[in-house]
Every structure is written in C-alpha cells, then in structure tokens.
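Asks: Sending over a structure as structure tokens; questions will come in a sec.
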Amino acid sequence: MRPEDALERARSASFGEDLAGFAVEPTDELSIERMTEWAVIETDPALVRSTRVWGMPITWFKRSLRRALRQELGQAYAQQSRFNLMVLARLQQLESLHEDPPPGP
C-alpha cells in the first residue's frame, strides 16, 4: 500500500472525525529511548469504548470483561514487556560491539 492510499483509507475509517491536519512525521533514526518507551506495554482503560449504535452497553461489557481479566492480562503484558526489554538490551549490546570492536590479533 502506498502512503497516499493509506491516508485516504484512514480518512474513510475515521468514524466521522476530522483528519484534515493529520500528518505522520518521518524519523530518520530510532533512538534507544524511544524503543524503550515502545517496549513496555501500557494500556489505558479510558480508551475502551464502542462507537456502534449500542455503544454504551457494549462499552460497559468490554470494560467489565477487561476488569474481570485484569490479572491474566497484566501477567501477559508484563511477560511481553520483559521479553521486549530483553531484546532491546541485547540490541544495545550488539550495537556497542559494532561501535567498539574487541581488539583482534
């Protein structure tokens, strides 16, 4: 998919929201700090909602289900976050080896 097509597709799926000023800023390089932020999974319960016709009961059901599964989801998120951070730590080790190669013969 081309970026122009993706923007048009996002506008059509926006549920009537105005996306006129929507722009994605490209980044040349990812920093370790940004990847660390992305590695930790955090969810916002306030974002659990439904925009359908029966939105209020569906939202109530989703929030109740999330509350009932809080422990299970918390453990899964914590396990995935630990894995993500370990992969990031290994990446940092490999980058440091690339920057400062060990002395050779």
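Asks: Note down all Cβ pairs under 7 Å where the first residue falls in segment 68-89 and is closer than 16 Å to residue 45 by Cβ, the second is surrounded by 12 or more Cβ atoms within 10 Å (Cβ to Cβ) and not acidic (Asp, Glu), and they're at least six residues apart or on different chains.
Replies: Filtered contacts from segment 68-89: 77/41.
Asks: Which residue, of 34, 11, is in a helix (DSSP H, G or I) and modelled with pLDDT under 80?
Replies: Values: 34 fails: modelled with pLDDT under 80.
From the options 34, 11, the qualifying one is 11.
Asks: Just to be sure, is residue 43 in contact with a Phe, Trp or Tyr (Cβ under 8 Å, 6 or more places away or on another chain), of a type in the set (S, T, N, Q) and surrounded by 11 or more Cβ atoms within 10 Å (Cβ to Cβ)? Walk me through how you get there before you give the answer.
Replies: Values: in contact with a Phe, Trp or Tyr (Cβ under 8 Å, 6 or more places away or on another chain): yes; of a type in the set (S, T, N, Q): yes; surrounded by 11 or more Cβ atoms within 10 Å (Cβ to Cβ): yes.
So residue 43 fits the description; yes.
Asks: Is it the case that residue 40 is among the β-branched types (Val, Ile, Thr), under 19 Å from the mean Cα position of the chain (by Cα) and either modelled with pLDDT of 90 or more or under 28 Å from residue 5 (Cα atoms) (or both)?
Replies: Working: among the β-branched types (Val, Ile, Thr): yes; under 19 Å from the mean Cα position of the chain (by Cα): yes; either modelled with pLDDT of 90 or more or under 28 Å from residue 5 (Cα atoms) (or both): no.
In short, no.
Asks: Moving on to the next point. Got a sec? Which of 70, 49, 34 is charged (D, E, K, R), touching a helix residue (DSSP H, G or I) at 6+ places or on another chain (Cβ under 7 Å) and surrounded by 10 or more Cβ atoms within 10 Å (Cβ to Cβ)?
Replies: Values: 70 fails: touching a helix residue (DSSP H, G or I) at 6+ places or on another chain (Cβ under 7 Å); 34 fails: touching a helix residue (DSSP H, G or I) at 6+ places or on another chain (Cβ under 7 Å).
Only one candidate qualifies: 49.
Asks: Condition (residue is among the hydroxyl-bearing types (Ser, Thr, Tyr) and touching a residue at least 12 places away in the same chain (Cβ under 8 Å)) applied to segment 49-67: is it met by at least one residue? Spell out the reasoning first.
Replies: Going through segment 49-67, the residues among the hydroxyl-bearing types (Ser, Thr, Tyr) turn out to be 50-51, 59, 64.
Checking which are touching a residue at least 12 places away in the same chain (Cβ under 8 Å) leaves us with 50-51.
Within segment 49-67, one or more residues are among the hydroxyl-bearing types (Ser, Thr, Tyr) and touching a residue at least 12 places away in the same chain (Cβ under 8 Å).
Asks: Among (1) touching a Ser or Thr at 6+ places or on another chain (Cβ under 6 Å); (2) without any contact (Cβ under 8 Å) to a residue 12 or more places away in the chain, where does residue 40 come up short?
Replies: (2)
Asks: Output the number of residues of segment 48-93 satisfying the condition of being more than 27 Å from residue 37 (Cβ to Cβ) and not in a helix (DSSP H, G or I).
Replies: Here is the first cut: in segment 48-93, the residues more than 27 Å from residue 37 (Cβ to Cβ) are 50-61, 64-65, 68.
Then drop every residue that is not not in a helix (DSSP H, G or I), which leaves 50-54.
Result for segment 48-93: 5.
The values are calculated or read from the model by the stated rules, or taken from the named source; none is laboratory data. All values reported here derive from a predicted model rather than from experimental measurement. Cβ coordinates were reconstructed from backbone atoms using ideal geometry, including for glycine residues, and neighbour counts include every protein chain displayed.
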